[in-house]
1. If you take the beta carbon distance between T96 and H42 as r and set R0 to 45 Å, what does 1/(1 + (r/R0)^6) give as a FRET efficiency, to the nearest 0.05?
2. How compact and how long is the stretch 104-145, expressed as Rg and Dmax of its alpha-carbon atoms in Å?
3. Is there a quick way to get the dipole size of the chain? I mean about its Cα centre, with the Cβ of Lys and Arg at +1 and of Asp and Glu at -1; what is the value in debye to the nearest 20?
4. Provide the per-residue ³J(HN,Hα) series for the stretch 191-196, in order, calculated from phi with Karplus coefficients 6.51, -1.76, 1.60 and θ = phi - 60°, each as a whole number of Hz, with x at glycine and proline positions.
5. Would you mind calculating the gained length between E137 and N187 on full extension (0.36 nm times residue separation, minus the Cα-Cα distance), in nm to one decimal?
6. So, by mean Cβ neighbours within 10 angstrom, what's the order for 163-173, 202-212, 140-150 with the highest one leading?
7. Say R0 is 45 Å: what FRET efficiency, to the nearest 0.05, do D80 and W35 get from their beta-carbon distance?
8. Taking a cut-off of 17 Å, what percent of all Cα-Cα pairs in the stretch 165-216 are separated by more than that?
Amino acid sequence: MEIVDLSHPLHTGMQVYPGDPQVVIEPILHAETDWVNVLSVHMGSQSGTHIDSPFHVLNELATLDQIPLQRFIGPWVLVDATGLAPRSPIPHERFTQQNYDAGSIVLIRTDWSKHFGSSEYLAHPYPTLESLEYLLERGVRTIALDFLSLDMTPENSADAKLDNHYLWSRADGVIGENFTNFASLTNATPFISLLPLNMGASDGGPVRAVAISSLD
């Protein structure tokens, strides 16, 4: 089975969305003195490659445990949004060039993941409401991004808006953010798994996302 890793590794001090808890991973038990090696892990639910449940932005919407697991595994459709300027909207025609089936997992490739860990990562392109509505009309409810947020991340956090999150979440959609390595996807790995940790009634959770050659 061929497998393509689509997740950023978790590590102390890794980049998080501005204002989120910092990631701290450190040894807490040691085999020489405590018989075993164990790490202490402190992080936010939205750290690294992760899933947003609708509850992430609106209290009355579905929490992570209320989302069917089938929503996280299936065939993917790639939207090529490479070559765009910082903080620019992704042209709608990038979305209309693809065919979508209800249940397809849509991946938006900008290659912005190459900036992960730098200030440039905050200046990612982003989809428009028109394009998200277009996907919803075609039955898409799971979307994954190789950048920080479904909405534009402004230079000043006071200017932040979540219109894209609200639209997608109110349609019972789930959002994957901070994915990577979309450039390595080929027809040989037609299925994706983005199963999050079982965090219960949460706003989301970290993911070890992979593309695979077969579901058998």
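1. On the way: r = 43 Å, r/R0 = 0.96.
That gives a FRET efficiency of 0.55.
2. 12.3, 35
3. Details: 10 positive and 26 negative charges, 52 e Å.
About 260 debye.
4. For the stretch 191-196, the Karplus-derived couplings read 10, 10, 10, 10, 5, x Hz, x marking Gly and Pro.
5. Working: separation 50, 0.36 × 50 = 18.00 nm, distance 2.54 nm.
Working it through step by step, the gained length comes to 15.5 nm.
6. Working: 163-173: 18.7, 202-212: 20.8, 140-150: 23.6.
Per-residue mean Cβ counts within 10 Å order the peptides as 140-150, 202-212, 163-173.
7. Working: r = 51 Å, r/R0 = 1.13.
The formula returns an efficiency of 0.30 here.
8. Numbers: 666 of 1326 pairs.
Result for the distance tail: 50 percent.
Bear in mind that the values in this text are calculations on the coordinates, not laboratory data. Keep in mind that this is a model prediction, so the values were computed, not measured. Neighbour counts are summed over all protein chains in view; Cβ atoms, including those assigned to glycine, are modelled from backbone coordinates with ideal geometry.
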